[in-house]
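Shown next, in structure tokens, is the structure this report addresses.
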Amino acid sequence: MKTMTEETTRCFESPIGNIFVQAKNNKVVFITMGGPIVADKGQSRVLDEAEAQLSEYFSGKSKVLDFAVEVQGTEFQRAVWAEISNIGFGETKTYGEIAEAIGQPKAVRAVGGAVGANPVPLIIGCHRVLGAAGKITGYSGGDGLPTKRWLLALEGIAAKE
């Protein structure tokens, strides 16, 4: 029997540019920030929830993003993303702390690669991951470092340049 996959998308404006959200089978699988406006495709409850929760987050009215998400990645990537998911609103961890937490203390560079491959930024808050001594480092979402700085400021996080 063939399994049907229902794919839906939503694009909406935010303070950090357009947010594009893709869902499959009513779970968010991909988010990008700062791209062009893209026409919505289909309807799904999870996209309604995602847009509402993200809008509340961007306005500073909510610290919780808890809509259904499904990510695909290697075992290592999923371990890194799970650890990042444990970082709360307004908190940070360094790449080294994440490597230590997943039992791979020498894999700091690989942790950086997994952070950059995060398919659902904001939900898996990779903007909360900083370099050694709390220094702000690269960011692949939106406009890069300006987007990361904006998200950190929204959460009251002061990062070193």
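The values are calculated or read from the model by the stated rules, or taken from the named source; none is laboratory data. For clarity, every value in this text was computed on a predicted model and none was experimentally measured. Heads up, the Cβs are rebuilt from the backbone with ideal geometry, glycines too, and the neighbour counts pull from every protein chain shown. These accessible areas exclude ligands, DNA and RNA; they are computed on the full protein's heavy atoms, side chains included. Shrake-Rupley method; radii C 1.70, N 1.55, O 1.52, S 1.80 Å.
Residues being touching a Ser or Thr at 6+ places or on another chain (Cβ under 9 Å), over 23 Å from Ala117 (Cβ atoms) and in contact (Cβ under 8 Å) with a residue 60 or more places away in the chain: count how many of those fall in region 29-66.
Total meeting the criteria: 1.
In region 77-92, is there at least one residue being within 26 Å of Gly134 (Cα to Cα), open to solvent by 40 Å² or more (accessible area, probe 1.4 Å) and among the charged types (D, E, K, R)?
Yes, region 77-92 has at least one match.
Kindly indicate whether Gly113 is of a type in the set (Gly, Ala, Ser), part of a helix (DSSP H, G or I) and under 27 Å from Thr137 (Cβ atoms).
Details: of a type in the set (Gly, Ala, Ser): yes; part of a helix (DSSP H, G or I): yes; under 27 Å from Thr137 (Cβ atoms): yes.
Yes: the conditions hold for Gly113.
Since Glu56 meets every condition but one in (1) modelled with pLDDT of 95 or more; (2) over 14 Å from the mean Cα position of the chain (by Cα); (3) more than 14 Å from Ile123 (Cβ to Cβ), which condition does it not meet?
That leaves (3) as the condition not met.
Could you say whether any residue in region 95-109 is assigned to a loop (DSSP other than H, G, I, E, B), in contact with a Lys or Arg (Cβ under 7 Å, 6 or more places away or on another chain) and open to solvent by 30 Å² or more (accessible area, probe 1.4 Å)?
Residues of region 95-109 assigned to a loop (DSSP other than H, G, I, E, B): 102-107.
Then drop every residue that is not in contact with a Lys or Arg (Cβ under 7 Å, 6 or more places away or on another chain), which leaves none.
No, that holds for no residue.
Please pick out the residue among Gly134, Gly138, Gly142 that is surrounded by 20 or more Cβ atoms within 10 Å (Cβ to Cβ) and at pLDDT below 95.
Exactly one of Gly134, Gly138, Gly142 is surrounded by 20 or more Cβ atoms within 10 Å (Cβ to Cβ) and at pLDDT below 95, namely Gly142.
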